[in-house]
Every structure is written in C-alpha cells, then in structure tokens.
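Below is one structure, written out as structure tokens; the observations come after it.
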Amino acid sequence: MTVTAFASDTEKRFAFARQVADAVLFEGYVLYPYRASAAKNRLRWQFGVLVPPAWGAACEEHDFQHTECLMEPKAGATLSVEVRFLRARRRTVQRARPDGGFETVPELRLDDRVLVPWDEGDEERVEVVASVDELIGDGVTHPFRRPAREDTEPVLDASGKTIGRLVRTCEEISGTLRLSARELDGPYRTLRLTAVVENTSGWTPPAGRAADRDAALPHSLVASHLLMALSAGSFLSMTDPPEWAKGAVAACRNLHTWPVLAGEPGSADLVLSSPIILEDHPAIAPESPGALYDATEIDEILALRTAALTDEEKREARGTDERAAAVIDLADSMPAEVLERLHGAVRSLREVTGPGPGPGPVASAGGFPDEYGVQRPDTPWWDPASDTGFDPEQDRVVVEGRSVGKGSRVELRPGLRHTDAQDIFLRGRTAKVEAVLHDVDGLVHLAVTVEGDPGADIRREQGRFLYFQPDEITPLEDDV
C-alpha cells in the first residue's frame, strides 16, 4: 500500500470514529438551557482537561494523559495517531461608539439574539505517523505549539450597519505527544503501546493572586483524546481481552484516559483513548437528530425542554454561540416523526435459531406462539384481576412481632443493602404508614410519609410516597 493510499484509508477510518469522538470532544460543552447566564454553564470543560503544569501543581487537575494498550502489528506496519482537543477561545462583546471606536459591554441586543461574553471551543488536531519499528525503544517524541492570536468579527444589524464587534482571543498553548512500544515475552508478537499527551505550557498563575481556573483554561488542552490506527495488524480489547492476554492487559497503566476498540463493529485496527470510559465499538444512536452537547444527554427530554423555552430565552441561547444556536434551531424545526423516534428503541433483541413451529398454532405448556413465532404464556405476567386479593389500605404485615398497616407509626432504619443517600438522611426519623404494597416478585413495601414533613398532605393527595421494606423499619406502636 502506498503512503498516499494508506493516508486516505486511515482518514476514512478516523472519520467514522470521529462521530463518537466528537461526542467526547463536546461533552458538556454547553449545557441546557444553552444560555451563557445559566448557572450550570459557569463551570464548564469538565472532561479531559490537561492544564498547564504550574496550575496542575496547585489543584487536583492533571497536565497529562497516559495510555497503554496491546497491539499485534504485522511486519512493516505503520501507526497513525491523532490528538484532538478543544482550545478555549475567549470572546468579548463590544459596541460601536459614535466616534468610530468600540467599547466593551456585557451584552449586545439584536433582533434575533443577545450576544454576551463566552468561552468558545476551537477544535485542534495534532497528527503523527510513524512506523511501528520507530516506536521500539525510546520511541517518537512530537512537540506541538499553537501561537496566541486575536480575531475580530463585525456585528451588523438588520440594515447591514455595523453596531459592534466580537473580539476573540486565543492564548498560546504547547504540548508534547510521546509514543513508544515494547515487545512482550511470549509466543505471539505482541507489543505494549504507550502514548502520553502532555501540556507543556510555561504559563503560571499571576503573582500575588489566588490561582484561578478560568485564567488557566485558555492555556489548557480541553477534552483531550487520542485516535490511533494500525495500517496492518490489530489491537487487543482492553475490556474483553483473550484469555492469554489478560495478565498483560492488567499490567497496562491508563491514567486519566481509557482505550477502547473503535470503528466498525468487528474491526480491531483502530483505538479511541477517551477521558470518558466507553465500551468497545461505541456508536452514536441512529435516532439522535444531532449534537445537543449536554452531558449525559437524553435527546427526547432535551429536545422537548429546548423547544419550550421562551422567545427571550431562545434569543439569549442563540447569542451564546453558533453551536448553542444550532441546538435551538434543531429543536424548533424537528419534525414530529423524528421526535417520536427519540422515545425509545430496543437494542438487546437477538435472533434465536431453532425448529420452527408446525402448521397452525399448537398450544404448549407455555402457551401459544404469536405471529413471529415467539412463545406467549397462557396468562399475562401481570394481570390486575389477579390482584383483587390485595388491598393496600387494609393489608398488614408483621414486623418484630407487631402488626403494621395503614396508620401505624414507625421509625425508619434504612440499611446499606438497598438504600440510596436520601433514605440514609431519614435514618432515625419517625413516619406514618400510608399503605402496604405487594410487588410481582412477592416482596412487601411500606409506603410512608415522614412526620413533620410539611408536604405530607400533598404526598397523600398525589400518592407520591417514600417506600421502605419491613426490615428497614421499627414499629413504634401496635394498633391492631
């Protein structure tokens, strides 16, 4: 394969993996409701931030990522590596003065948006191609630098008149990518690949002032991650390695990042090393209509909530930056059929082969097959009519020798077996039992309201109770 052909093939593979890598790159970039003034947008850049060493020494953030994984390259194989990260670009809003100059302002109002100061994210890439043989021993060291720069963009009103401008400033950043490989002992030609990305910026916090994360961010590599591709050969899964490689995989060190197989399912020649832990061959859900940027996003909820923003809120969101504006436009223009498909999809079904049913429906102990050949039981797994023997308001359960039912006073004693933090906060509080419930697994649950809770009456009206199992309460009185 020629170098040109190899580069073209690698770009195609990287392009496929970037669909997922972009989600990593922009995870939490701008959070719903997509306005710069929103409280949760005041602390951004949460994942894969490689800060300047001087700042990292003063805080708990890191100035490097260390990736190790196993690969089985073929003779003459070449490794292509792409470091991707965001560079914080600080935007200032200025208004035009009558004398032809400009003054910095907190906002600039246009008909369709409200422009405000904001830190934008500029995508950067660092590309390195090296033969696997070059990586053995000391390996390859590739320093990179991005100089400081300042750009201005005029702001025009509806008539085309200049009413202000946006000033975007980028600070200098520098870093280093180190690649090396070591052959492991054993019958197979397996190499441990090490890839280290470092922020080498010489920026230091201003003397005499407390360290400020906002001041360090323009000198940081944000959402940093790696794509690595072999021209010939394969990587081993770090999540599900073959039996013979489990010991070598366990010996790999991965700090502030985790490598997974990427690209088309079934392939093993591409790795994504991400600050967010992913499964092998991660993919964007086909139902997703586009990037929504919000961390741990749920597309349906975000789309509905975004569409429900007021016109003024949408104007401010559109003025936050182009990506936020695109989310607003996406939510406003989403067809009903696209929104409907966001409601959910089943992905865990798999084909089961076996003897097909004979002619006509034949009953078995399990019931009848449906039109797809799936065996259906004679009765539903749950039938309201079968619950006529239960009455939550009259049923009682014996706890510590006492009968407990609606109206009983109990002390809450949640344990660690099936308890969340909110339940633990209620430990020792007294409560009133509102109902005794039975689930389909035969377990008993006590619906309670906490004594002294000013919202207890509302909970009763709405039927929104707290639930504890019998071994999580102590009866305070026996009101049989």
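Could you give the size of the charge dipole of the chain about its Cα centre, using +1 on the Cβ of each K and R and -1 on the Cβ of each D and E, expressed in debye and rounded to the nearest 20?
1460 debye
Taking θ as phi - 60°, what are the ³J(HN,Hα) couplings along the range 448-453 by the Karplus curve (6.51, -1.76, 1.60), each to the nearest whole Hz, with x for Gly and Pro?
Running phi through 6.51 cos²θ - 1.76 cosθ + 1.60 with θ = phi - 60° gives 9, 10, 7, 5, x, 6 Hz.
For Thr200, enumerate residues with amide H under 5 Å from its amide H, sequence gap 5+ or separate chain, H modeled in the peptide plane.
For Thr200, whose amide H was placed from the backbone, the distant partners under 5 Å are Ser174, Gly175, Thr176.
Select from Gly266, His142, Asn41 the residue farthest towards the positive end of the dipole of the chain; place +1 on Cβ of Lys and Arg, -1 on Cβ of Asp and Glu, and compute about the Cα centre.
Most positive-ward Cα: His142.
Give the Kirkwood hydrodynamic radius (Å, one decimal) of the chain, defined as one over the mean of 1/r across all pairs of different Cα atoms.
For the chain, inverting the mean 1/r across all distinct Cα pairs yields 27.9 Å.
If one computes the Cα centroid of the range 107-148 and of the range 33-90, what distance in Å separates the two points?
10 Å
Just flag the trypsin sites (Lys or Arg not before Pro) in the range 41-116 sitting in loop per DSSP whose Cβ has no more than 16 other Cβ atoms within 10 Å. List each step's numbers first, then the result.
Details: sites: Arg42, Arg44, Lys74, Arg84, Arg87, Arg89, Arg90, Arg91, Arg95, Arg109, Arg113; in loops: Arg42, Arg44, Lys74, Arg113.
Hits after loop and neighbour filter: Arg42, Lys74.
As a check on your grasp of the helix formula, calculate [θ] at 222 nm for the chain: sum -39500 (n - 2.57) over DSSP H runs of n ≥ 4, divide by the residue count, round to the nearest 500. Can you show the working numbers first?
Values: 11 runs with 89 residues, N = 480.
Rounded to the nearest 500, the figure is -5000 deg cm²/dmol.
Roughly to the nearest percent, how much of the accessible area of the range 78-214 is carbon and sulfur, given a 1.4 Å probe?
Working: 3190 of 7070 Å².
So the carbon and sulfur contribution to the accessible surface is 45 percent.
In the chain, which whole DSSP H runs stretch at least 18 Å along their own axis (Cα) and average 0.0 or higher on the Kyte-Doolittle scale?
Numbers: long enough: 3-25 (29 Å, 0.28).
The answer, listed by residue number, is 3-25.
Just flag the GluC sites (Glu not before Pro) in the range 181-285 sitting in loop per DSSP whose Cβ has no more than 16 other Cβ atoms within 10 Å. Could the numbers behind the result be given before it?
On the way: sites: Glu183, Glu198, Glu243, Glu279; in loops: Glu279.
For GluC sites (Glu not before Pro) across the range 181-285 that sit outside H, G, I, E and B with at most 16 neighbouring Cβ atoms in 10 Å, the list reads Glu279.
Tell me the relative contact order for the range 138-255 as a rounded percent, counting alpha carbon contacts under 8 Å between residues six or more apart.
Values: 138 pairs, mean separation 22.3, N = 118.
With pairs under 8 Å counted, the relative contact order is 19 percent.
For the charge dipole of the chain, defined by +1 on Lys and Arg C-beta atoms and -1 on Asp and Glu C-beta atoms about the Cα centroid, which residue among Ala324, His445, Tyr32 has the Cα displaced farthest towards the positive pole?
Towards the positive end, the residue furthest out is Ala324.
Rolling a 1.4 angstrom probe over the protein heavy atoms, how many square angstrom per residue are accessible across the chain? Present the calculation step by step, with values, prior to reporting the outcome.
Numbers: 25990 Å² over 480 residues.
Roughly 54 Å² per residue, with all protein chains present.
Please state the charge dipole magnitude for the range 99-161, taken about the Cα centre, from unit charges on C-beta atoms (+1 on K and R, -1 on D and E), reported in debye and rounded to the nearest 20. Numbers along the way, then the final one.
On the way: 7 positive and 18 negative charges, 16 e Å.
Around 80 debye, computed over the range 99-161.
Order the peptides 451-459, 128-136 from the highest to the lowest mean number of other Cβ atoms within 10 Å of their residues.
Working: 451-459: 12.1, 128-136: 16.6.
By packing density, highest mean first, the sequence is 128-136, 451-459.
Just name one of Cys69, Phe465, Ser131: the one whose Cα is farthest towards the positive end of the charge dipole of the chain (beta-carbon charges, Lys/Arg +1, Asp/Glu -1).
Ser131
In the chain, what is the count of Lys pairs whose alpha carbons are under 22 Å apart, counting only pairs at least 8 residues apart or on separate chains? List each step's numbers first, then the result.
Numbers: Lys12/Lys74; Lys40/Lys314; Lys74/Lys246; Lys406/Lys432.
Counting lysine pairs in the chain gives 4.
The values are calculated or read from the model by the stated rules, or taken from the named source; none is laboratory data. Quantities reported herein were computed from a predicted structural model and do not represent experimental measurements. No Cβ is skipped: glycine too gets one built from the backbone with ideal geometry, and neighbour counts run over all protein chains shown. Side chains are part of the model used for accessible areas, which takes the heavy atoms of the whole protein and leaves out ligands, DNA and RNA. Shrake-Rupley method; radii C 1.70, N 1.55, O 1.52, S 1.80 Å.
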